[in-house]
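Peer 1: I'd like to ask you about the structure that follows.
The values are calculated or read from the model by the stated rules, or taken from the named source; none is laboratory data. Note that this is a predicted model, so its numbers are computed, not measured. Backbone-built Cβ (ideal geometry, glycine too); neighbour counts: all protein chains shown.
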Amino acid sequence: MEALAQSWLVLSLTSSAFYLGLVPVAQFLPAVLFGLYGGVIADRYPKRRILVITQACAASISLILSALIFAGYIQLWEVFLSAALLGVVNSIDTPTRQAFVSEMVPRDDLVQAVSLNSAVFNAGRLVGPAIAGVVLAAVGPAWCFLVNGLSFFAVILQLLRMDESKLFKLQMRRASNSIREGISYAIHDSTIMRTILVIGFISTFAMNFNVWIPLLAKDTFDIGAGGFGLLMSMLGLGSMSGALFLAFMGRRRPSPSIIVLTAAALAVTLILLGLVGSLSAPVLIAILLLPIAGFAMTFTASMANSTIQMEAPDHMRGRVMAFYFMVFNSGMPIGALFAGVTSHAFGVSTSIIIGAIIGLVATLIIGYFTLISRPQPVKPEPTRATGSSAD
């Protein structure tokens, strides 16, 4: 709701696509710059208490913005400032919240917990814009920010109601709590580093749907705003299905090979989507391909998240998760810029194909090194018959 209201507010104040594009930069840049420090905080202090503070800060930002709009004093710089402040809050909240999952569920249930969280997130992406559209049309953006601000208190209440004695106590040890220690561990752990590399390439070159799908709807298929909504809904439907499928498939430990395969499947699906656009094929084919892309995208991201959490040691999980999200969040603005430039120069269909090929090649290379680095099972040596005194 807040994201849609924020975009509508900027357009209402400026009618500028340039300023509209700067809002996510203002929000994601602090997460990239300060995310690693957020990981240090997550490892040093009780995570539940950190989350209460970050949720209260996020609520305050949204409520203040709502009050400014109601009072008629809202200005563009205040919207950018609120977005930047929310980015700072998220730089602490995100690694803390992700690492806190390991304290709420036993280790065997971690994959399912991360996947269910992803399913809820994608359900919010489907439902939130629809609710925001109704509220915006009926009473304006101030009410969107007000409802969003109040909703944080439900989260705070549940955090306060948690019985800390029932959390899964992690094996903690005193450490330097330095950023360098967390990054060093992530780089030198081959499973974590390869997972982060896959997500880095895929998020940069193969997840730019916010740029590609509007252009496909407007320029390639000429299906208008309604068609754009349909394409995004099909992508969201696939994303939610992928998360739910992973949540209910069991307690299997995430496999680096599966992550590589689903990332490659996403890239191949995008290549087909690009070909559909370039060959002027019926839009129905694109509608059928987008759920597959959404499924592969969310399946890959959820598996990667679970892998990082399970591989990282308890005492530095926050910093390792912060490094993971720094790479992931960095890929989004870089990828959006890449998609915008290549779409402008070569057309959206060619842009999709180029991004997908880069993502596919990088994924296959990482997959190859994952395959050849697997430890080979040691064959037991044949036992020799022991001689006896009767021989």
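Peer 1: Does Leu110 fit the bill of being part of a helix (DSSP H, G or I) and at pLDDT 90 or above?
Peer 2: Numbers: part of a helix (DSSP H, G or I): yes; at pLDDT 90 or above: no.
Judged against the criteria, Leu110 is not a match.
Peer 1: Still on this structure: When you go through (1) loosely packed, with under 15 Cβ neighbours inside 10 Å; (2) over 21 Å from Ala322 (Cα atoms) one by one for Arg49, which number turns out not to apply?
Peer 2: Tallying (1) loosely packed, with under 15 Cβ neighbours inside 10 Å; (2) over 21 Å from Ala322 (Cα atoms), Arg49 fails exactly one: (2).
Peer 1: So Gly318 passes all but one of these: (1) at positive phi; (2) in contact with a Pro (Cβ under 7 Å, 6 or more places away or on another chain). Which condition number does it fail?
Peer 2: Of the numbered conditions (1) at positive phi; (2) in contact with a Pro (Cβ under 7 Å, 6 or more places away or on another chain), the odd one out for Gly318 is (1).
Peer 1: Name the single residue, out of those in the stretch 143-158 being within 24 Å of the chain's Cα centre (by Cα) and of a type in the set (Phe, Trp, Tyr), that is surrounded by the most Cβ atoms within 10 Å (Cβ to Cβ).
Peer 2: Phe145
Peer 1: Please verify whether the stretch 278-290 includes one or more residues that are over 12 Å from the mean Cα position of the chain (by Cα), of a type outside the set (A, V, I, L, M) and buried (at least 19 other Cβ atoms within 10 Å of the Cβ).
Peer 2: no
Peer 1: Quick test for you: out of Ser241, Ser255, Ser278, pick the one residue that is within 26 Å of Tyr368 (Cβ to Cβ) and among the hydroxyl-bearing types (Ser, Thr, Tyr).
Peer 2: One residue alone meets the criteria, Ser255.
Let's see how each residue does on (1) in contact (Cβ under 8 Å) with a residue 60 or more places away in the chain; (2) crowded, with 22+ Cβ neighbours inside 10 Å; (3) assigned by TED's automatic domain parsing to the domain that holds Asn329; (4) out of contact with any Phe, Trp or Tyr (no Cβ under 9 Å at 6 or more places or on another chain):
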position	(1), (2), (3), (4)
Ile53	no, no, no, yes
Ser62	yes, yes, no, no
Gln75	yes, no, no, yes
Phe80	no, no, no, no
